[in-house]
Amino acid sequence: MNTTVRSPIAIEEFDQSYFQHETDEVYALPPACFTSEEFFQFELNAVWKKQWFCVGRASDIPKAGDFFTFEVGDDALFAIRTREGKINVLSNVCRHRNMLLLEGAGNVRRISCPLHAWVYNMEGELVSAPGLTDSGADFDPKSVCLPKIRTEIWEGFIFINYDALAPDLHSRLGHLGEQLANYRMADLKSSEPLKMENFDWNWKIFNDECYHCSFLHASSWGAMYETSPETVDENVAFNDVPNGIVSYNLISPHKDAAPTNTGSILQPPMSTLTDEERSQLSYITVAPNLLLVAMPDKVKYFLWLPKSANQSSYGVSWMYPQSTLEREDHREKFDKEHDDLYPVMIEDLFAWRRSHMGMKSNFASRGRLTNEELVIKRLQNWLIDQYRAEDRRVEEERRVLPIKAVA
């Protein structure tokens, strides 16, 4: 774990970014929150080392030995399906000379270090170490194990938490699971595993809102699915800011509407949904790094992970009922919708890149948020709550340490 630090940005600076009343003037977070490596280290402790966050889908590693690797800050990790069907998330660093063990995604019968062939089982326990376990040396392999990260599955998503004392995941997301029950997310599958790509901007740039839809996406998304302030409902029942759940609905012009060139979904609607659910698109952020988009025919999800203040990884996947995946025309229609939405994705990448570039400028400012950015105001509140809690914790820890030293 990285060194414990107080916020390098005075914690009082966040007060003007905290939303309490409709009439409040609320401003964006300080640009340094997006560009400062020192603040990033503080944020790793405040958010990523304290909260549950998503790292992928259980269905992407269905067989024993299936794995995928990922990074959180400088921590190299991997998720693996055991022979008993459980999913473990383990450090991807050999306990001998710190060689990375696995790369990318795939399937293994055992976890073997490429450098010196130290072998671990799927629980992370050392099985053999050439020159030690086969030489009669006074060495107990049971004393060596890959660090294991606390892991829980929610609706088919793999969540991890570095904090062994944090409340279980269900206490945070159980109600949301009930609200989304008709989508049966645990049973949905993607046609291919999630692919994460690396980008040169801060992870918070990905935070979702629809204020930009009528401007940045006016001729792309707007030509397929009407979006205006009147069709964006940010006061939906999914919102639960204390638990990091922030949401809005796009109200559709008709049932089964979707952002395609036909104006409607291309795949069959999910039979378990209500007419209301088929007449809206629900955008649900589970902070810090998962965006769900519940649609009449599928659930899309967007996932991002932090690498540094100026680097992150990001991936998108579309999940369907098995019956949809088995249709002969599924791939053709999938490709058609992907092509329809491609210009929207290019516009987002353009905006994210240039927004982060602007954050680095000496002239970067904290713009006032509008009444159409309630989702960002709520996300900022959740983040600031984490920042304040961590800053207090570190301050208290530093007060206690001198007392212990004297004692």
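The values are calculated or read from the model by the stated rules, or taken from the named source; none is laboratory data. Treat the numbers as computed from the prediction; the structure is a model and nothing was measured. Please note: Cβ atoms are built from the backbone with ideal geometry, for glycine as well, and neighbour counts cover all protein chains shown.
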Which residue is nearest to F302 (Cα to Cα), if the candidates are limited to the range 35-90 and must be in a strand (DSSP E or B) and of a type in the set (F, W, Y)?
F53
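Yes/no matrix, rows are residues, columns are (1) crowded, with 20+ Cβ neighbours inside 10 Å; (2) at pLDDT below 95:
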{"position": "S355", "(1), (2)": "no, no"}
{"position": "K360", "(1), (2)": "no, no"}
{"position": "R366", "(1), (2)": "no, no"}
{"position": "E372", "(1), (2)": "no, yes"}
{"position": "I376", "(1), (2)": "yes, no"}
{"position": "A389", "(1), (2)": "no, no"}
{"position": "E396", "(1), (2)": "no, yes"}
{"position": "R399", "(1), (2)": "no, yes"}
{"position": "A405", "(1), (2)": "no, yes"}
Looking at (1) outside the structural domain of Y320 (by TED's automatic domain parsing); (2) more than 18 Å from the chain's Cα centre (by Cα); (3) of a type in the set (F, W, Y); (4) within 24 Å of L303 (Cβ to Cβ), can you tell me which one F139 breaks?
(4)
Some residue of the range 244-262 being more than 19 Å from P296 (Cα to Cα), among the aliphatic types (A, V, I, L, M) and touching a strand residue (DSSP E or B) at 6+ places or on another chain (Cβ under 7 Å)
yes
Residues of the range 210-246 satisfying the condition of being in contact with a Lys or Arg (Cβ under 7 Å, 6 or more places away or on another chain) and part of a strand (DSSP E or B)
V246
Residues S308, S312, S252: which one is in the same structural domain as A237 (by TED's automatic domain parsing) and either surrounded by fewer than 19 Cβ atoms within 10 Å (Cβ to Cβ) or under 23 Å from A186 (Cβ atoms) (or both)?
S308
Of the residues in the range 247-285 that are outside any loop (DSSP other than H, G, I, E, B) and more than 21 Å from H212 (Cβ to Cβ), the one that is nearest to the chain's Cα centre (by Cα) is E277
Does at least one position in the range 58-76 carry a residue that is without any contact (Cβ under 8 Å) to a residue 40 or more places away in the chain, surrounded by 14 or more Cβ atoms within 10 Å (Cβ to Cβ) and not aliphatic (A, V, I, L, M)?
yes
When the range 1-21 is examined, which residues are found to be without any contact (Cβ under 8 Å) to a residue 60 or more places away in the chain and in a loop (DSSP other than H, G, I, E, B)?
T3, P8, I9, A10, Q20, H21
One residue is enough: does the range 312-330 have a residue meeting the conditions in a helix (DSSP H, G or I) and of a type in the set (D, E)?
no
Pairs, first over 23 Å from S220 (Cα atoms) in the range 258-276, second assigned to a loop (DSSP other than H, G, I, E, B) and among the acidic types (D, E), C-beta under 6 Å, six or more apart:
P269/D256; P269/D297
Among residues belonging to the range 177-236 that are in contact with a Gly (Cβ under 8 Å, 6 or more places away or on another chain) and either over 22 Å from V316 (Cβ atoms) or of a type in the set (S, T, Y) (or both), point out the one that is surrounded by the fewest Cβ atoms within 10 Å (Cβ to Cβ).
S214
Of all residues in the range 137-174, count the ones that are exposed (fewer than 14 other Cβ atoms within 10 Å of the Cβ) and assigned to a helix (DSSP H, G or I).
5
Can you name the residue in the range 320-371 that is touching a residue at least 24 places away in the same chain (Cβ under 8 Å) and among the basic types (K, R) and is also farthest from D24 (Cα to Cα) among such residues?
R327
So in the range 62-77, with the set limited to residues that are hydrophobic (A, V, I, L, M, F, W, C) and out of contact with any helix residue (DSSP H, G or I) (no Cβ under 9 Å at 6 or more places or on another chain), which one is nearest to M196 (Cα to Cα)?
F70
Residue count for the range 344-387, restricted to those that are more than 21 Å from the chain's Cα centre (by Cα) and either outside any helix (DSSP H, G or I) or not assigned by TED's automatic domain parsing to the domain that holds A28 (or both)
13
Can you name the residue in the range 21-57 that is among the β-branched types (V, I, T) and buried (at least 22 other Cβ atoms within 10 Å of the Cβ) and is also farthest from the chain's Cα centre (by Cα) among such residues?
V47
Return the residues of the range 108-136 that are under 29 Å from the mean Cα position of the chain (by Cα) and either among the aromatic types (F, W, Y) or outside the structural domain of A64 (by TED's automatic domain parsing) (or both); say none if nothing qualifies.
Y120
